[in-house]
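Student: Sharing a structure with you now.
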């Protein structure tokens, strides 16, 4: 049995997106449901998702554990797993971790670019590592089986999270620094620590994380994956496409600026390239998984290895949190 | 004209407390109205204060600027200035800074012991300094004339706040480290930076900040003040007593633990000394200002210098934010 999993999308959700994911044979998608929202605002987002699950029940349903990935495969649907790109919904209250898990939140980033109450984001000048509250929250996430995601965190914070957490953590969506010096791509040190601790990295298809941005070639991307397997086990890699399609550019501006600044921050972009960059033509949406399958085989991955990378590794990882 | 100002109290507010402050001839008190509250919770605290102002209008009124200190003196009342010991009420929204100023909040600490979204607290292992959001919030506090208070912040964060802020900042309640190695007393480096930037320090009468704790003598305290004037101008020191009287011990537990941990943190205390420590017998409440006046003169301060320390310096400082 092989599964296809995209372990990070933040699309402008609609019937069209769910149909695309379905045509791409995605059995599971880790969907971002928060960037800056607090607890009550997140509940509103979840209510919206309840509408999606009701209105598009022939395409999607909410996933809670690995059995839902199996069920999705059987029913030819996509299981949607909730994840937060920020810890803002727990506010300053550790009790909210369990409440969020009970609402189906499986992934939580400890930071989104900036310093949070828990850890340091990848855009800060200095990195404290995990804070006093962060240590407590990691224990609590371990206890309730919520997965720690450090995609947008600074390096020392990431290494400390790996060290402190009793369960493996993930980088759900980023690429290695050795391939492209993206502002939040990950160093060999992080890849090694992930490898040694049983963690996972999901490769990103977001142009700011790609060599040559929107012009990145499929072969370059797949060769990067092959090279990465010299640094982290082939059983600990997957895809986290970071697809943000069909959004107006105002959304990426909100993602970057939230309500924390009165000036304008451009994140991975810049003033002359402030919007969402175009996707590479071989991965304009999740149907690009078919191109990835071919590309991975072209650079020498076996049938089994290719399926591991395109979903089976994530499936096995999810099982650890059932 | 001389003013008496206690630039930090967090008492269990009541008619009795306001009468004591009145008998102590306090013209102004900076009252803490927040440790962990978010914006909406803070508004509830402010409503409670509106009741106090109504019920005890012969003793207190809300202060907004230095003219209210003059008015308090004329009317033999105490002007109450609002301050936050944490930035939790601005949540992650920089717009709340101005809203809080409009509600009368004159002081805001950038951190309370732990890492905040703005800076690092004094109990964290490592210190990032001022965060990306912190830099924006300092600019905004400068703009709306809200005073930055770093009493519970880590050292590097404090030095960076002094450097970044275009207006002088305060340590409203702490003592120098050279006298007592309290967990959050301040180094000579901080005193020098405060001195050079026009900032103020308010000396604390909270036993964990005192040499020999509750047994600290008046003479030792006043000699410490004299020694401190070798490090910071005599025009930049005052009193911030940190009086927390009439509270049950459950309050100090809440101050320390809020909702950020499921284990128990003892802050400046410890498991065998977890509650509020008793005040020194010469400063059991604000009426101790009379003892301070005598003690300061006994260690050689002139009449004018004594009045500067007991309130005139704070009055002059408040004027900079009118």
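Student: Hey, does the stretch A:179-193 have a residue that's surrounded by fewer than 22 Cβ atoms within 10 Å (Cβ to Cβ), within 14 Å of chain B (Cβ to nearest Cβ) and touching a helix residue (DSSP H, G or I) at 6+ places or on another chain (Cβ under 9 Å)?
Tutor: yes
Student: Can you spot a residue in the stretch B:203-210 that is on the phi < 0 side of the Ramachandran plot, touching a helix residue (DSSP H, G or I) at 6+ places or on another chain (Cβ under 8 Å) and surrounded by fewer than 17 Cβ atoms within 10 Å (Cβ to Cβ)?
Tutor: If we filter the stretch B:203-210 for residues that are on the phi < 0 side of the Ramachandran plot, which is where we start, we get B:203-210.
Then drop every residue that is not touching a helix residue (DSSP H, G or I) at 6+ places or on another chain (Cβ under 8 Å), which leaves B:203, B:205, B:207, B:210.
Still in the list and also surrounded by fewer than 17 Cβ atoms within 10 Å (Cβ to Cβ): none.
Scanning the stretch B:203-210 turns up no residue that is on the phi < 0 side of the Ramachandran plot, touching a helix residue (DSSP H, G or I) at 6+ places or on another chain (Cβ under 8 Å) and surrounded by fewer than 17 Cβ atoms within 10 Å (Cβ to Cβ).
Student: Of the residues in the stretch A:38-58, how many are surrounded by fewer than 19 Cβ atoms within 10 Å (Cβ to Cβ) and part of a loop (DSSP other than H, G, I, E, B)?
Tutor: Here the count works out to 3.
Student: Taking residue A:21 as the residue in question, decide whether it is under 28 Å from residue A:279 (Cβ atoms), touching a strand residue (DSSP E or B) at 6+ places or on another chain (Cβ under 7 Å), modelled with pLDDT of 95 or more and surrounded by 15 or more Cβ atoms within 10 Å (Cβ to Cβ).
Tutor: Criteria met by residue A:21.
Student: With respect to the numbered conditions (1) without any contact (Cβ under 8 Å) to a residue 40 or more places away in the chain; (2) buried (at least 23 other Cβ atoms within 10 Å of the Cβ), which one is the sole condition not fulfilled by residue A:159?
Tutor: Condition not satisfied by residue A:159: (2).
Student: Moving on to the next point. Got a sec? Which helices (runs of 4 or more DSSP H) wholly within the stretch A:212-322 have at least 2 residues that are more than 14 Å from every other protein chain (Cβ to nearest Cβ) and over 30 Å from residue B:137 (Cβ atoms)? Give the derivation first.
Tutor: Values: elements: A:218-228, A:249-257, A:289-298, A:303-307, A:313-319.
Passing ranges, in order: A:218-228, A:289-298, A:303-307, A:313-319.
Student: Right, something else. Can you tell me which of A:73, A:4 is at pLDDT 95 or above and out of contact with any helix residue (DSSP H, G or I) (no Cβ under 8 Å at 6 or more places or on another chain)?
Tutor: So the residue among A:73, A:4 that is at pLDDT 95 or above and out of contact with any helix residue (DSSP H, G or I) (no Cβ under 8 Å at 6 or more places or on another chain) is A:73.
Student: Has the stretch A:253-268 got any residue that is surrounded by fewer than 19 Cβ atoms within 10 Å (Cβ to Cβ), within 25 Å of residue A:170 (Cβ to Cβ), without any contact (Cβ under 8 Å) to a residue 60 or more places away in the chain and under 20 Å from the mean Cα position of the chain (by Cα)?
Tutor: no
Student: Still on this model: Going by the structure shown, is residue B:169 buried (at least 24 other Cβ atoms within 10 Å of the Cβ) and either more than 8 Å from every other protein chain (Cβ to nearest Cβ) or farther than 16 Å from residue B:83 by Cβ (or both)?
Tutor: It is true that residue B:169 is buried (at least 24 other Cβ atoms within 10 Å of the Cβ) and either more than 8 Å from every other protein chain (Cβ to nearest Cβ) or farther than 16 Å from residue B:83 by Cβ (or both).
Student: Please go through the stretch A:128-156 and pick out each residue that is away from chain B (no Cβ under 11 Å), under 23 Å from residue B:135 (Cα atoms) and surrounded by 22 or more Cβ atoms within 10 Å (Cβ to Cβ).
Tutor: A:152, A:153
Student: Out of the stretch A:117-129, which residues are farther than 15 Å from residue B:113 by Cα and either more than 20 Å from the chain's Cα centre (by Cα) or without any contact (Cβ under 8 Å) to a residue 40 or more places away in the chain (or both)?
Tutor: Correct list: A:120, A:121, A:124, A:125, A:126, A:127, A:129.
The values are calculated or read from the model by the stated rules, or taken from the named source; none is laboratory data. The structure presented is a predicted model; accordingly, all values stated were derived computationally and were not measured. Positions of Cβ are backbone-derived with ideal geometry, glycine not excepted, and every protein chain shown enters the neighbour counts.
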